[in-house]
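Asks: After the structure tokens below, expect a handful of questions from me.
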Amino acid sequence: MREPLIAPSVLSADFADIDSALRLIEQSGADWIHLDVMDGHFVPPITFGAKMVQDIRKRTRLPLDAHLMVEAPERQVEDFAEAGADFITFHPEACVHAHRCIQMIRNRGCKPGISIVPSTPVSVIEELLPFVELILVMTVNPGYGGQDLLPFCLEKVKKLRRIRSELKADFLISVDGGIGPSTASQAAQARPDVLVMGSAFFSSPDPATLVEQMRAPYATTGLVC
Ligand code: DX5
Ligand code: ZN
């Protein structure tokens, strides 16, 4: 696996010109497309739903990483799976029966992921770790792009790495929020497998160079766990 995987978020793109955003992501050499789904309840903004994912699926072969910031995500699983999402990640904070939701995602042929907001400790999801393919550690409070990374959240990445090796599990660890050139080396010290990038990617004059720049610290930074 290429390390780290880069997942630009279309949250910071022009939704009315999604073709250009997708071309930019593909031409940059990034690995995944991150799709921030917000329902106006779990987080205040509303972005888009499964129809948008379906339309994006027709336009790219890159893996689609759907991040559901929605209440009762179990009600959405079927539609997002049908739309062609590869990963479906939800917040256990928004779902009473998180294990059932994971099973639903897997049964629909998608890879289940769980995400935790900054105030949620890793211990809350510990029982779920053997069942998921991805842990998305929010490094900002969800809802908006362009916020500053909260450094204490990176400690959760290190903790998850330790638990992963104890369990001999192979879930990916992703970070989301405030990731960009100014935080690349800080993030690399915690060594997440996936870097989600919204505003830094879409405001960059040269996204391909940015992608390389984000990968560079992994070649030189050792593990600090
Ligand atoms: C925030 C979203 C993020 C967002 C990150 O709630 O989950 O994926 O796009 O944006 P930046 O990279 O600008 O912090
Ligand atoms: Zn996200």
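The values are calculated or read from the model by the stated rules, or taken from the named source; none is laboratory data. Everything numeric here is computed off the predicted structure, so don't read it as measured data. FYI the Cβ positions are ideal-geometry reconstructions off the backbone, even for glycines, and counts take in every protein chain you see. Heavy atoms of the whole protein, side chains included, go into the accessibility calculation; ligands, DNA and RNA do not. Shrake-Rupley method; radii C 1.70, N 1.55, O 1.52, S 1.80 Å.
Asks: Cross-link candidates for Lys51: which lysines have Cα within less than 24 Å, leaving aside residues fewer than 8 places away along the same chain?
Replies: Lys111
Asks: Give the separation of the Cα centroids, the stretch 167-181 to the stretch 79-156, in Å.
Replies: 11
Asks: A follow-up question, please. Only bridges whose two residues both fall in the stretch 5-220 count here: according to DSSP, what percent of them are antiparallel, nearest 5? Each step should come with its number before you reach the end.
Replies: Working: 1 of 32 bridges.
Bridges in the stretch 5-220 that DSSP calls antiparallel: roughly 5 percent.
Asks: Continuing with the same structure: Looking at the stretch 12-107, send over the antiparallel percent of its DSSP beta bridges, to the nearest 5. Please report the intermediate quantities before stating the final value.
Replies: On the way: 1 of 11 bridges.
In the stretch 12-107, DSSP labels about 10 percent of beta bridges as antiparallel.
Asks: Once you have the Cα-Cα distance between Ser182 and Glu3, take 0.36 nm times their residue separation minus that, and quote the gain in nm to one decimal.
Replies: On the way: separation 179, 0.36 × 179 = 64.44 nm, distance 1.86 nm.
Extending this stretch completely gives an extra 62.6 nm.
Asks: Next question. Order Arg59, Arg191, most accessible first, counting only protein heavy atoms with a 1.4 angstrom probe. Kindly include the intermediate steps, with their values, before the conclusion.
Replies: Numbers: Arg59 95, Arg191 25 Å².
Putting Arg59, Arg191 in descending order of accessible area: Arg59, Arg191.
Asks: Looking at the calculated P(r) for the chain, what percent of the C-alpha pair distances fall above 30 Å?
Replies: Values: 3922 of 25200 pairs.
Summing the P(r) of the chain above 30 Å gives 16 percent of all pairs.
Asks: Which ³J(HN,Hα) values in Hz, rounded to whole numbers, follow from the phi angles of the stretch 53-67 under the Karplus curve 6.51 cos²θ - 1.76 cosθ + 1.60, where θ = phi - 60° and Gly and Pro get x?
Replies: For the stretch 53-67, the Karplus-derived couplings read 5, 4, 5, 5, 4, 5, 9, 8, 9, 5, x, 9, 10, 8, 9 Hz, x marking Gly and Pro.
Asks: Sorted from largest to smallest, which semi-axis lengths in Å does the alpha carbon gyration tensor of the stretch 78-157 give for its equivalent ellipsoid, taking the root of 5 times each eigenvalue? Spell out each step's value before the answer.
Replies: Values: eigenvalues 105, 46, 20 Å².
Result for the stretch 78-157: semi-axes of 23, 15, 10 Å.
Asks: Keeping every protein chain present and rolling a 1.4 Å probe, give me the accessible area per residue for the chain in Å². Don't skip to the answer; put the middle values down first.
Replies: Numbers: 9900 Å² over 225 residues.
Spelled out: the 1.4 Å probe surface of the chain, per residue, equals 44 Å².
Asks: FRET efficiency for Phe131 and Asp206, Cβ-Cβ distance as r, R0 = 45 Å, nearest 0.05? It would help to have the intermediate numbers written out before the result.
Replies: On the way: r = 40 Å, r/R0 = 0.88.
Approximately 0.70, to the nearest 0.05.
Asks: I need the calculated FRET efficiency for the pair Gln27 and Tyr144, taking r as the beta carbon distance and R₀ as 22 Å, to the nearest 0.05. Write down the numbers at each step before the final one.
Replies: Values: r = 26 Å, r/R0 = 1.20.
After rounding to 0.05, the efficiency reads 0.25.
Asks: Further question: Taking Cα pairs under 8 Å and at least six residues apart, what relative contact order does the chain come out at, in percent?
Replies: On the way: 441 pairs, mean separation 45.0, N = 225.
Across the chain, relative contact order equals 20 percent.
Asks: At most 14 other Cβ atoms within 10 Å and a DSSP loop assignment: could you name the trypsin sites (Lys or Arg not before Pro) in the stretch 136-225 that fit?
Replies: Details: sites: Lys156, Lys158, Lys159, Arg161, Arg162, Arg164, Lys168, Arg215; in loops: Lys168.
Sparse-neighbourhood loop trypsin sites (Lys or Arg not before Pro): Lys168.
Asks: Ignoring ligands, DNA and RNA, what percent of the 1.4 Å accessible area of the stretch 5-220 is carbon and sulfur? Write out the running numbers ahead of the final one.
Replies: Working: 4530 of 9220 Å².
It is 49 percent, rounded to a whole number.
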